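Take a look at the structure below.
Throughout, read-outs are computed from the coordinates displayed, never taken from laboratory work. Fair warning: this is a prediction, and the values are worked out from it, not measured in the lab. FYI the Cβ positions are ideal-geometry reconstructions off the backbone, even for glycines, and counts take in every protein chain you see.
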Amino acid sequence: MAAPGSTFRAQYGPWALIAGGSVGLGGEFARQLALRGFNLILVARREGPLEEHARTLAAAYRIETRTVVADLGDPQILPVLREATRELEIGLVVYNAATSPIGRHLEQSIEDKLRVLDVNCRGPLLLIHEFCPPMVARRRGGIILMTSMSGLQGSALITTYAATKAFDLVLGEGLWDELREEGVDVLAFCAGATRTPNFEESSPARSGFFTAPMEPEPVVAEALAALGRTPSAVAGARNRLAGLLMARLMPRRLAVETIGKATRAMYGK
Ligand SMILES: NC(=O)c1ccc[n+]([C@@H]2O[C@H](COP(=O)([O-])OP(=O)(O)OC[C@H]3O[C@@H](n4cnc5c(N)ncnc54)[C@H](OP(=O)(O)O)[C@@H]3O)[C@@H](O)[C@H]2O)c1
């Protein structure tokens, strides 16, 4: 029997770069790719959790790891990543990191709102620009852009974040169509509420049927299974049902009002 993930690794290995790969969904992407035998470059801002995760995975799965302590919203991120990945064959990039300030749009500073653009939109564009051409040259590789159910329509209290997630969704879908002819698979993957440190810290006041959080493990497993099969996908049956209702069946106005009620209830505002 083939080793777990050996075909997947042959298609997208030997190195994967996970932008935001220390904890939560990013940490779980790292774990599931290590299980498939990938060597990993993990990027995050906090050195402690990043180094610990890299060490644990290297020991448990006998893989090579490199860590990059950096802010993906930094305009100078590319030279840093280029230096850290020199002579490595990167076959898979997962752009997982995101910034999501919660609150009324006009009460947030312009600096905070522009930072959301930098991390959630500028970062993916930069990494795609840097790491896709070698994949195209090899006619082999993959890109996963993590996006969100909140990118399916305007969402009160997370207006800028939701708009950037719509950007990631549409960017990923367009690239899927352009790059599949070149042998590179692109996937925009929508998570719904997922129990990550980031999610827990935002302290959702309560969750309803459609906002009950999933665990990171099945979300990541579904994303890896969807790569190469579809331009975009949604994690979990409950989120897929919610997506169908909100994006396809409801009038747009009703969808925006419904998500607004859910975010206000979740964040107690
Ligand atoms: N969790 C949810 O409920 C949920 C729902 C829908 C969509 N999503 C999407 O799923 C993805 C992951 O979500 P998550 O929020 O739960 O995060 P997460 O997977 O728990 O962690 C975020 C990772 O990114 C790193 N990171 C964050 N900002 C960074 C920056 N500016 N530069 C470098 N590294 C950074 C974090 O480490 P450091 O903090 O040390 O930098 C951490 O490793 C996001 O794209 C998000 O939009 C999540």
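Things worth noting here:
- Using the rule -39500 (n - 2.57) for each DSSP H run of four or more residues, divided by the residues of the chain, the 222 nm mean residue ellipticity is -14500 deg cm²/dmol.
- Amide H contacts of Thr67 (H built 1.01 Å from N, under 5 Å, at least 5 apart or other chain): Leu42
- The modelled label-to-label distance for the pair Glu51/Glu200, using points 7 Å beyond Cα in the direction of Cβ, is 2.3 nm.
- Gyration tensor verdict on the chain (Cα atoms; rounded if a/c is under 1.5, prolate if a/b is larger than b/c, oblate otherwise): prolate
- Per-residue HN-Hα couplings for the stretch 214-224 [Karplus 6.51, -1.76, 1.60; θ = phi - 60°; Hz; x = Gly/Pro]: 8, 7, x, 4, x, 4, 5, 4, 5, 5, 5
- Under 5 Å, built H, 5+ apart or other chain: amide partners of Ser148: Ala191
- The stretch 1-149: C-alpha gyration tensor shape, a/c 1.5 cut-off, then a/b vs b/c: prolate
- Placed amide H near Leu88: partners under 5 Å, 5+ positions off or other chain: none
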